[in-house]
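**Q** This is the structure, below, for whatever I ask next.
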Amino acid sequence: MGLSFLRYRENGQQYWGIASNSEVRPVADGDQPTATILQKPLNEWKERATDSPVTDIRRVTPLSPITRPSRLYCQGVNYSTHRREAGLGPNRPALNTFFTKADSSLSGAYDPVVKPPSVELLDYE
């Protein structure tokens, strides 16, 4: 069975935690890179979560699960409704469309989205 990891802030501190239903249990400091978290065996995280205090998930602020620095590779126009929104035909293109994003574009679930002055078109994604 998989685990639901959550990177979050509580009382000014950042943590990685295991989320389940309406609670989260801290298992690591939130400044650890995502890669470090993903490389450890799941059973190690399960053990840490068992010994951790429980926090109501409504009391924490979710952060981006992707830490900086990072390389973000994205796939574009990969579903028909998005292709129509972009003014493209509904049929899947022969080749996949990939693009990159700067890690400065990362934000948490409830963080404001900042539009730099030089940006004319800001996509909701």
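**Q** It is to be established whether one or more residues within region 93-115 are of a type in the set (Asp, Glu), surrounded by 11 or more Cβ atoms within 10 Å (Cβ to Cβ) and assigned to a loop (DSSP other than H, G, I, E, B).
**A** The answer is yes; a qualifying residue exists.
**Q** Okay, moving on. Between a residue in region 58-72 that is over 16 Å from Val113 (Cβ atoms) and any residue that is polar (S, T, N, Q) and surrounded by 14 or more Cβ atoms within 10 Å (Cβ to Cβ), which pairs come within a Cβ distance under 8 Å, given they are 6 or more apart or on different chains?
**A** Taking only residues 6 or more apart or on different chains, the pairs are Pro65/Thr34; Thr67/Gln32; Thr67/Thr34; Ser70/Thr34.
**Q** Given the condition in a loop (DSSP other than H, G, I, E, B), closer than 30 Å to Tyr8 by Cβ and small (Gly, Ala, Ser), answer yes or no: does some residue in region 72-87 qualify?
**A** no
**Q** Separate question: If you check Leu63, Leu72, Leu121, which single one turns out to be in contact with a strand residue (DSSP E or B) (Cβ under 6 Å, 6 or more places away or on another chain), of a type in the set (A, V, I, L, M) and more than 28 Å from Ser22 (Cα to Cα)?
**A** Leu72
**Q** Name the single residue that is surrounded by the fewest Cβ atoms within 10 Å (Cβ to Cβ) among those in region 52-68 being under 18 Å from the mean Cα position of the chain (by Cα) and closer than 11 Å to Arg9 by Cα.
**A** Here the residue is Thr61.
**Q** Are any residues in region 100-125 more than 20 Å from Pro65 (Cβ to Cβ) and not basic (Lys, Arg), and if so, which ones?
**A** The answer is Pro116, Pro117, Ser118, Val119, Glu120, Leu121, Leu122, Asp123.
**Q** Take the residues of region 97-115 that are of a type in the set (Ser, Thr, Tyr) and at pLDDT below 90: which is nearest to Arg83 (Cα to Cα)?
**A** By that ranking, first place goes to Thr97.
The values are calculated or read from the model by the stated rules, or taken from the named source; none is laboratory data. These numbers come from a predicted model, not from an experiment. Glycine gets a Cβ as well: all are built from the backbone with ideal geometry, and neighbour counts include every protein chain shown.
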